[in-house]
Amino acid sequence: MPELPEVETTRRGIEPHVVGRRITVLRVHERRLRWPVDLSMVRSVSGATIRAAGRRAKYLLLETESGTLILHLGMSGSLRVLPVITPRIAHDHVDIELDSGVTLRFNDPRRFGSLLFTIGDPAKHPLLEGLAPEPLEEGFDGEYLWKITRRRAVAIKQLIMNSRLVVGVGNIYASEALFRARIRPRRKARSLSRAECAKLARAIKATLAMAVKVGGTTLRDYVGADGNPGYFRQKLYVYERAGEPCRVCGKPVKQFTQGQRSTYWCSNCQK
Ligand SMILES: [Zn+2]
């Protein structure tokens with residue numbers, strides 16, 4: 001599933017191709033995404049110029065002079081920049097055709113992605129309004145983690161994956177950040193010291209920043225905006241490395257299930 005670094009990689013990949021370009025036509029080939037695509041947006045954005053390619057959490061925001069397209073890649077979605085004449089393949093659901101002769105093509109086999117449109121400030125859209133701070137921006141730090149962990153007995157891994165508290169930390173990055181911070185995934189959130197909260201905030205930032213830098217993680221369903229898979233996977237400390245030697249101490253990496261997701265950790269390095 002595309003996580004925050006993959007979405008940011010996609011944003012950076014498409015940005016130079018879309019900003020300043022006019023949308024000649026928006027073609028919706030399949031309306032049945034996570035929410036049915038409201039076809040009235042076709043009229044609104046066709047002919048509009050794209051001012052910016054932004055992101056909030058895992059939503060891509062294509063800001064045009066007539067409103068903002070809000071695109072979510074869902075579980076298996078990807079965006080490609082292709083010449084308009086490129087024949088469609090299975091699961092190509094949306095084309096945002098530009099005056100440069102390329103199309104921004106959305107493919108999503110599982111159709112958990114979404115395409116929405118808003119005229120007002122996208123930050124006020126119901127999907128975006130209540131979102132937690134961006135981990136790569138100011139406002140997310142040890143003090144913030146300290147505050148939100150104080151009364152919570154939930155496991156720290158589950159807390160950092162709760163998008164109402166921290167956005168964009170999915171399963172891979174949660175395991176990786178906890179390893180970097182040397183904190184056991186099952187620790188009760190409120191048991192973390194102030195110093196551990198600071199360490200974990202830094203670890204989350206570093207993990208996500210590095211993943212963005214190398215272009216996201218290579219996953220089954222994910223291909224970057226330019227079609228190249230990411231290289232972060234080769235740098236993973238624990239994720240999907242059960243039984244393999246810890247890159248720090250050499251002991252086998254362990255795995256267990258936590259909230260229906262696999263958690264990977266080193267029982268020697270993480271306390
Ligand atoms: Zn270790």
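The values are calculated or read from the model by the stated rules, or taken from the named source; none is laboratory data. Please read all numbers here as calculations on a predicted model, not as lab measurements. Cβ coordinates were reconstructed from backbone atoms using ideal geometry, including for glycine residues, and neighbour counts include every protein chain displayed. Heavy atoms of the whole protein, side chains included, go into the accessibility calculation; ligands, DNA and RNA do not. Shrake-Rupley method; radii C 1.70, N 1.55, O 1.52, S 1.80 Å.
Points worth noting:
- Hull shadow area, averaged, segment 1-61 [alpha-carbon convex hull, nm²]: 4.8
- Of all lysines in the structure, those lying under 25 Å Cα to Cα from Lys254, and not within fewer than 8 positions of it along the same chain, are Lys157, Lys188, Lys199, Lys205, Lys235, Lys271.
- Surface/4 of the Cα convex hull for the chain, nm²: 14.1
- Lysines whose Cα lies under 23 Å from that of Lys124, excluding same-chain neighbours fewer than 8 positions away: Lys58
- Residue-normalised accessible area of the chain, expressed per residue, 1.4 Å probe, Å²: 47
- Within the accessible area of segment 98-175 (1.4 Å probe), percent carbon and sulfur: 51
- Once the Cα atoms are used to define both axes, helix 171-181 deviates from the longest principal axis of the chain by about 40 degrees.
- In degrees, nearest ten, helix 194-213 long axis to first principal axis of the chain (Cα): 40
- Helix axis angle, 4-18 relative to the chain longest principal axis, alpha carbon, degrees: 30
- A Förster distance of 30 Å, applied to the separation of the beta-carbon atoms of Ala52 and Ser262, puts the FRET efficiency at 0.25.
- Straight Cα distances below 19 angstrom link Lys213 to the aspartates and glutamates Glu3, Glu6, Glu8, Glu15, Glu134, Glu137, Glu138, Glu176, Asp226, with same-chain residues fewer than 8 positions distant left out.
- Comparing Cα centroids, segment 68-123 and segment 141-165 end up 33 angstrom apart.
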